[in-house]
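The values are calculated or read from the model by the stated rules, or taken from the named source; none is laboratory data. All values reported here derive from a predicted model rather than from experimental measurement. All Cβ positions, even for glycine, are placed from backbone atoms using ideal geometry, and neighbour counts span all protein chains on display. Quick note on the areas: whole protein, heavy atoms, side chains included, nothing else; ligands and nucleic acids left out. Shrake-Rupley method; radii C 1.70, N 1.55, O 1.52, S 1.80 Å.
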Amino acid sequence: MADVISLLPNHIANQIAAGEVIQRPASVVKELLENAIDADSKHVIVRIKNAGKTLIQVEDNGKGMSETDARLSFERHATSKIKSADDLFQIKTKGFRGEALASIAAIAHVNMKTRRSEDSMGTEIQIDGSNVVKHEACSHANGTVFSVKNLFFNVPARRNFLKSDSIEFKHIVDEFIRVALTHPEVELDLYHNENEIYRLAEGNIRQRIVAIFGDIINDRLVPVEEETSIVKLYGFVGKPENAKKKRGEQFFFVNNRFIRSPYLNHAIATCYEDLIPAKHHPSYFIYMHVDPAQLDVNIHPTKTEVKFEEEKFIYSIIHSTVKNSLGRHNMMPTLDFDSEMSMDTGHFSPDKQVVQPEVKVDSSYNPFISTKPSSSGYGDYNKPSHKEKNQDWEELFEVARKEKETAEQSETVLERFKSPEVWNFFQVYNSYIVLNTSSGFWVIDQKLAHESILFEQFYSAMQGEESNSQQLLFPEEIYLSSREKICLLNEESNLKNLGFTFEEFSAERMVVNGVPEAIDGNSISNLLEDIVRAIDNETGHMPSEIQKNIALSLAVNAAIKRGQKLSSEEQESLFTQLFESKNPGISPKGKPTFIKFDVSHLENFFK
């Protein structure tokens, strides 16, 4: 039997490695930016075309490379950072594996020009899918320029998995911001399709945060600083009143490297308990410096996950430092332990008349009479238990879960609705609309029903159907970070179809002139924040999925709330619109909008 094992050719091995290192255009931007930073660059320019699918160019004024180093840089596992195994535990640079350039060259058309300051001529290398097609001397300024064109040109399956340009560019912006936040001393520029997105001057950390997220964030930052034998900690956390529903502005950096850590995120989140609303998240920019020997950054190809030797201690240090910073800046309630609480009688005025406190006693109260249900089976306590009720009611939900069945009932329901003597509306707890009929009654959740109605209207509007816009008497200025503005501008056509009209006012502000008629009375800034969050949460590449997320976000915000009293006409209108919709029985989130009770169901409770 012949041998079956053979060595992979280099170009195939590089393509396989690229699958781990280069997942999307943003991965290329990250690797090239990190190389530029490691080359001690003071100014880096990133140019993108078509979200990186057509072109990614990174130009720096760093140290550059010699002719030999330039050629070796494209070989797998060729690196200047590692000489021995011990060096893995003393890594202070961003790249070190020597896989990035080889992986990029295996799946794209790459051109590199580089020159050191001591060399009279530079070196130009062009590689197409691991094949070197040019290697010659050239005239070039100090530093390096990488041009990556036609990413995944020879791996069409991978290219087909790329998302829409708006989503891919958001990932590029994320990687750019992470590098920019760790190196405020480096001037960084980002252009997309010749449009300037960021032009960040060198400065300190606070200046860099403000340059990226806008002037409005400057007053929202609380400084954090602590130094121990385990970790040096500094940075900023956001004020509780500025917490948002999305996690966008949350950053951990270890030794100038961005990391993700749900465990350390919990250390900060617990500091804000009882200070921010439920499902809101604080902003933070936390920088840590740890002895590289106490840190393993070689556990993930993208190096965004690290392993701490003293993780529990670092958790405690972060938690106590953030909590103390919030307390020092009057963000948390404090106790004055120097005051004598027993002598604290409040403010007293000599002219104020002293009133004897009045004590009220319930003379009918008898502590020996039990308020627990009687075991005799008589009186008001002889009712089905809560558990038994729930078991019976679960069967009733089956009617609402059958979307098809409820849709077929809609026409019949509306026909019967034309007979006034059959129907009788009333509201329960200002939250549920009850329809009394000759055969039983229906209970409609007014909030979920209205969400279903509005979702269908908003989604149809983005499909090109007519939508009413309400022009604001006083246009509203909205403060946005550059990333949030990118999200909104990418979906400008969808927002205009919905009824939003806005104009770009400055780098950080947008002026909203009109809003959809159905969202009258809602906070516009909160609406747009939720829309940005909805766009961010969509990871697919189908435009319809983004439209559904936007429609759902608006519907949830604009819908009638539970506890809102409705007139008889409003109850009737809501009912009619619900059963004229395509899916009256199911809300956009998959919950039942109504429950139908027959007389027989009621009779079962009294058997």
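A compact table of results
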{"item": "Per-pair calculated FRET efficiency, R0 = 22 Å: residue 229 and residue 296 via Cβ, rounded to 0.05", "result": "0.70"}
{"item": "Gyration tensor (Cα) of the stretch 541-607, equivalent ellipsoid semi-axes in angstrom", "result": "30, 17, 12"}
{"item": "Distance between modelled label sites at residue 605 and residue 154, nm, 7 Å Cα→Cβ extension", "result": "7.3 nm"}
{"item": "Highest-first arrangement of 273-284, 550-561, 203-214, where packing means the average Cβ count within 10 Å", "result": "550-561, 203-214, 273-284"}
{"item": "Solvent accessible area, Å² - residue 73, 1.4 Å probe, full protein context", "result": "20 Å²"}
{"item": "Residue 329 versus residue 260: modelled label distance in nm, points set 7 Å from Cα along the beta carbon direction", "result": "2.7 nm"}
{"item": "Efficiency of FRET between residue 573 and residue 241 - r from beta-carbon atoms, R0 35 angstrom, step 0.05", "result": "0.40"}
{"item": "Where only C-alpha atoms are counted, convex hull volume of the stretch 150-271 per residue in Å³", "result": "168 Å³"}
{"item": "Length released on extending from residue 289 to residue 479, taking residue separation times 0.36 nm less the Cα-Cα span", "result": "65.1 nm"}
{"item": "Spread of Cα-to-Cα distances over 10 Å intervals beginning at zero, given as percent, for the stretch 30-72", "result": "27, 47, 25, 1"}
{"item": "For the stretch 233-283: Kirkwood Rh in Å [reciprocal of mean 1/r, alpha carbons]", "result": "11.6 Å"}
{"item": "Stretchable slack from residue 489 to residue 304, in nm (0.36 nm times residue separation minus alpha-carbon distance)", "result": "63.7 nm"}
{"item": "11 Å beta-carbon shell around residue 220, net charge (K/R +1, D/E -1)", "result": "-2"}
{"item": "Calculated FRET value between residue 438 and residue 501, using beta carbons and R₀ = 51 Å, to 0.05", "result": "0.55"}
{"item": "Solvent exposure, largest accessible area first (probe 1.4 Å, DNA, RNA and ligands not counted), of 288, 65, 121", "result": "121, 65, 288"}
{"item": "Nonlocal amide H pairs with residue 509, under 5 Å, H built at 1.01 Å", "result": "480"}
{"item": "Solution diffusion estimate, µm²/s, Stokes-Einstein, the stretch 449-491, Kirkwood Rh from C-alpha pairs, 37 °C, viscosity 0.692 mPa s", "result": "252 µm²/s"}
{"item": "Dipole-positive endmost among 164, 146, 135 within the stretch 130-179 (Cβ charges, Cα centre)", "result": "164"}
{"item": "Pairwise label distance in nanometres, residue 76 with residue 120, each label 7 Å out on the Cα-Cβ vector", "result": "3.9 nm"}
{"item": "Dimensions in Å of the stretch 145-193 - Rg and Dmax from alpha carbons", "result": "13.6, 40"}
